[in-house]
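FYI, it's all coordinate maths here, none of it is from the lab. In this text the structure is predicted, and so the values were computed from the model without any measurement. Neighbour counts run over all protein chains shown; Cβ positions are idealised from the backbone, glycine included.
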Amino acid sequence: MSVGVIATAHDFRRACQEARTDGELALVPTMGYLHGGHQSLIQAAALRAPTVAVTIFVNPTQFGPAEDLSRYPRNIEGDLRKCEQAGATFVFAPKGPEEMYPPGFQTWVEPGPLAVPLEGEKRPGHFRGVVTIVTKFFALSRADCAFFGEKDYQQLLVIRRMNADLNLGVEVIGRPIMRESDGLAMSSRNAYLSPDERARATALWRALKAVRNAFKAGEVQPARLEELARQTLLADGLRVDYAEVRDPVELQRPEKVDAASRLLIAAFAGKTRLIDNGAIGAAAAGGLAATPFGFCEQG
Ligand code: PAF
C-alpha cells in the first residue's frame, strides 16, 4: 500500500473529515526532506491514532528575506517512502505556495511574548509565519492531536500557546529530539554541511553536555553556564548566534539554574544555522539509546 498524496486544501479537508469517522486523527506538520526525527513523530502519531496525516510544505512566510527558502532541500519521492515506512495514512503536499496563501490572503496569527526572544529575536516574523500556517493546518484537518519535535523547543511552546489562546482544541504533543549516533540533532539543514562542518557541528551536543556536567558539579549561575556553552562552540570554530539558559515554560532567564532550566543554542557551522536544546538537569553522561529512527537521550 502506498501512501496517498493530496495536493489541494479542499481535498485535504475532505480526506480528514472522512478519516475522522474512523476515530482520532493525528497530524504531523513538516517542511519535508524528512529524517529520523520526523519519522519518529509519525511513528508516535500512528501509535496514538488510526489516521496519521502528514503535511509537507516549505512554508515561505516563516523564512526571512536573507534565509534559505529558495535552497531549502526537497525530495518528495524520498519523503513519501519515509512517511509510508513510519506509518502515515496520507500526505498533504500543497501543490504550491498559493494553495495555502491564495491571492488576497491577508489574515495572520500574531504570537505573543513567548515568540519574542531567541529565535524570535534572531528571525523576525518567523513565528508569525509558523503559527499562521499551523493554525491553517489545524483548521483544515480538525486533528485531535498534533506532533512536534522538541528540537524546535520554542516553536513547540509558541504553538501550544496559540492552540490554547485560539481554543483550537488540538492536543499538542512534543517528542524528544532525535540525534545521530555522535549526538548531532537531526535536521533537514544538516544536508548543507560539508564533511568538515559536519564534524564540527557536534559541538552543540558537546556544549549541552558540558553545561550539564558543570551544573552537576554545582554551577547554578546562568551567565557562567552560557559562557561555557559559548566557549565549547567557539573552540570548534562555530559562530554563536545565542547560547542561553531559560526556564522551560515562559522562556525567562532564571536567576539561578535548576534541573528543569533549559539551555537553548543556535550556532553557525559555515553558513548553516543549527539549533539544539535540552534540560540542564538531564543525565550529564549523555547516554544515547538506539531507536528505530535514530538515537535519543535515555530516561
Ligand atoms: O517545524 C517545522 O518543520 C515547521 O516550522 C512547521 C511546524 C511544519 C510549520 O511550517
Point to revise | Potential lengthening between Asp247 and Arg189 on full extension [0.36 nm per residue; Cα-Cα distance subtracted] | key: 18.2 nm
Review point. Does a label point 7 Å from the Cα of Val220, set along Cα-to-beta-carbon, have any residues of the stretch 248-264 with amide nitrogen under 11 Å, and which are they?
Key: 255-259
Practice item. Would you list which lysines come within 22 Å of Lys209, measuring only between C-alpha atoms, while excluding same-chain residues fewer than 8 positions from it? Key: Lys151, Lys256
Review point. How compact and how long is the stretch 228-287, expressed as Rg and Dmax of its alpha-carbon atoms in Å?
Key: 12.2, 34
Exercise for review: Could you tell me how many degrees, from 0 to 90 and to the nearest 10, lie between the Cα long axis of helix 76-86 and the main elongation axis, the longest principal axis, of the Cα atoms of the chain?
Suggested key: 80 degrees
Study note, to complete from the structure: Excluding residues fewer than 8 positions from Lys216 in its own chain, the aspartates and glutamates with Cα under 18 Å of it are Glu226, Glu227, Glu244, Asp247, Glu255, Asp258, Glu297
Revision key, fill the gap. Going from the fewest other Cβ atoms within 10 Å to the most, one would list Met31, Met186 as Met31, Met186
Revision key, fill the gap. If the chain between Asp11 and Arg81 were fully extended at 0.36 nm per residue, the gain over the current Cα-Cα distance would be 23.1 nm
Revision key, fill the gap. If each part is reduced to its alpha-carbon centroid, the stretch 1-60 and the stretch 123-162 end up apart, in Å, by 15 Å
Review point. Of Trp205, Ala217, Pro248, whose Cα points farthest to the positive end of the dipole of the stretch 194-282 (charges on the beta-carbon: +1 Lys, Arg; -1 Asp, Glu; origin at the Cα centre)?
Key: Trp205
Practice item. Before rounding to the nearest 500, sum -39500 (n - 2.57) across all DSSP H runs of length at least 4 in the chain and divide by the residue total; then give [θ] at 222 nm in deg cm²/dmol. Key: -10500 deg cm²/dmol
Review point. When a footprinting reagent is the concern and you count Cβ atoms within 10 Å, what order do Val130, Val58, Val52 take, fewest first?
Key: Val58, Val130, Val52
Review point. Which whole-Hz couplings ³J(HN,Hα) result when phi for each residue of the stretch 26-35 is put into the Karplus expression 6.51 cos²θ - 1.76 cosθ + 1.60, θ = phi - 60°, listed in order with x for Gly and Pro?
Key: 10, 10, 10, x, 9, 10, x, 6, 5, 10
Practice item. Arrange Glu244, Glu110 by Cβ neighbour counts within 10 Å, fewest through most, would you? Key: Glu110, Glu244
Study note, to complete from the structure: With +1 at each Lys and Arg Cβ and -1 at each Asp and Glu Cβ, the charge dipole magnitude of the chain around its Cα centre, to the nearest 20 debye, comes out at 260 debye
Point to revise | Angle between the chain longest axis and helix 36-48 axis [Cα atoms, degrees, rounded to 10] | key: 60 degrees
Check your understanding: Over 20 Å between Cα atoms, which of Lys95/Lys136; Lys82/Lys122; Lys82/Lys271; Lys95/Lys122 qualify?
Key -> Lys82/Lys122; Lys82/Lys271; Lys95/Lys122
**Study point:** Potential extension, Ala199-Asp258 segment - 0.36 nm per residue separation minus Cα distance
**Key:** 18.1 nm
Check your understanding: Where q = 0.15 Å⁻¹, what log10 of I(q)/I(0) comes from the Debye formula for the chain, counting one point per Cα?
Key -> -1.23
